[in-house]
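Colleague: Have a look at this one before I ask anything.
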Amino acid sequence: QVQLVESGGGLVQAGGSLRLSCVASGIIFRVNVMGWYRQAPGKERELVALITRDGITNYADSVKGRFTISRDNAKNTVDLQMNSLNAEDTAVYYCYAENNWTKFHYWGQGTQVTVSS
C-alpha cells in the first residue's frame, strides 16, 4: 500500500502564494503518476495538476500559468507551488498517486487552503 502525507495548507490572502508538499511512503515502486486534486464545498473533486516520474505534467486550465507541480523521486515527494491565488482556489487539496499497473488510486487526507481578501 501507499501512504500520502500532505503539508503546507493554510490561510493566505488573495494574490499571495502557497506551497503544498506531499510525501509518499510504503510500496511505491509501481507508482508513476502523482499529483493534486481539490474539492470546494458543494462541488465535485477536480484535477489540479499531475506529474509522472519522468517529469511530464498536466494542468487544469484554471491553474495554468499560476501553479507549478514538481517532483523529487529520490525523496518520494511531490510539491505544488501556487501563485496569484484567488478566492476560487479555496478548497481542500488532496495529494494523489496511481498504481501504474492496476490503476488503483491513493489519496492523502486532504489539506485546507483558504484564500481571503
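Colleague: Take the range 4-59 and flag every residue that is without any contact (Cβ under 8 Å) to a residue 24 or more places away in the chain and within 15 Å of the chain's Cα centre (by Cα).
Modeller: Answer for the range 4-59, where residues must be without any contact (Cβ under 8 Å) to a residue 24 or more places away in the chain and within 15 Å of the chain's Cα centre (by Cα): Glu46, Leu47, Thr52, Arg53, Gly55, Ile56, Thr57, Asn58, Tyr59.
Colleague: Kindly indicate whether any position in the range 24-36 is of a type outside the set (Phe, Trp, Tyr), open to solvent by 50 Å² or more (accessible area, probe 1.4 Å), out of contact with any helix residue (DSSP H, G or I) (no Cβ under 9 Å at 6 or more places or on another chain) and at pLDDT 95 or above.
Modeller: no
Colleague: For a quick check of your reading of the model, give me the residue pairs whose first member lies in the range 79-99 and is over 27 Å from Ser25 (Cα atoms), whose second is open to solvent by 40 Å² or more (accessible area, probe 1.4 Å) and modelled with pLDDT under 95, with beta-carbon atoms closer than 8 Å and at least 6 apart or on different chains.
Modeller: So the pair list comes out as Ala87/Ser117.
Yes/no matrix, rows are residues, columns are (1) out of contact with any Ser or Thr (no Cβ under 7 Å at 6 or more places or on another chain); (2) open to solvent by less than 30 Å² (accessible area, probe 1.4 Å):
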site	(1), (2)
Val2	yes, yes
Val5	yes, no
Ser17	yes, no
Ser21	no, no
Gln39	yes, no
Glu46	yes, no
Ala49	no, yes
Thr57	yes, no
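The values are calculated or read from the model by the stated rules, or taken from the named source; none is laboratory data. Quantities reported herein were computed from a predicted structural model and do not represent experimental measurements. Here Cβ is always computed from backbone atoms with ideal geometry, including for glycine, and neighbour counts include all displayed protein chains. Heavy atoms of the whole protein, side chains included, go into the accessibility calculation; ligands, DNA and RNA do not. Shrake-Rupley method; radii C 1.70, N 1.55, O 1.52, S 1.80 Å.
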